[in-house]
Amino acid sequence: ELGVTTIAVLTTNDKFVNEEWARKTGLIDDEDDSKKKSSPPPVTILADGDSDFVKMVGLAEDMGFGIGIRSKRFAMIVDSEGNGSSQH
């Protein structure tokens with residue numbers, strides 16, 4: 001209806017942290033069950049473990065020793081042509 005094909009969450013964590021977060025929030029079931037599902041979860045979780053993407057778009061924040069580079073909170077709309085706009 002609104003033309004939205006994907007909703008994604010981008011984190012500066014690795015894929016293993018993201019998978020556990022998805023399990024805890026109910027986005028995916030345990031590992032075996034998630035492989036059996038025919039439809040994907042309603043939200044795609046993306047890992048930007050080295051913060052390359054958030055650095056590229058100017059949304060990285062250095063949280064200091066022990067925490068490192070993290071992403072500022074933002075929302076981004078990207079069209080099918082790859083053009084995007086963001087708010088933070």
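The values are calculated or read from the model by the stated rules, or taken from the named source; none is laboratory data. All values reported here derive from a predicted model rather than from experimental measurement. Quick reminder, even Gly has a Cβ in these numbers, built from the backbone with ideal geometry, and neighbours come from all protein chains shown. In case anyone asks, the SASA skips ligands and DNA or RNA and just uses the protein heavy atoms, side chains included. Shrake-Rupley method; radii C 1.70, N 1.55, O 1.52, S 1.80 Å.
Per-structure values
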| item | result |
| --- | --- |
| Qualifying residue in the stretch 64-77 (condition: charged (D, E, K, R), modelled with pLDDT of 80 or more, surrounded by 10 or more Cβ atoms within 10 Å (Cβ to Cβ) and within 15 Å of the chain's Cα centre (by Cα)) | yes |
| Flag for Lys36 being at pLDDT below 85, open to solvent by 80 Å² or more (accessible area, probe 1.4 Å) and not acidic (Asp, Glu) | yes |
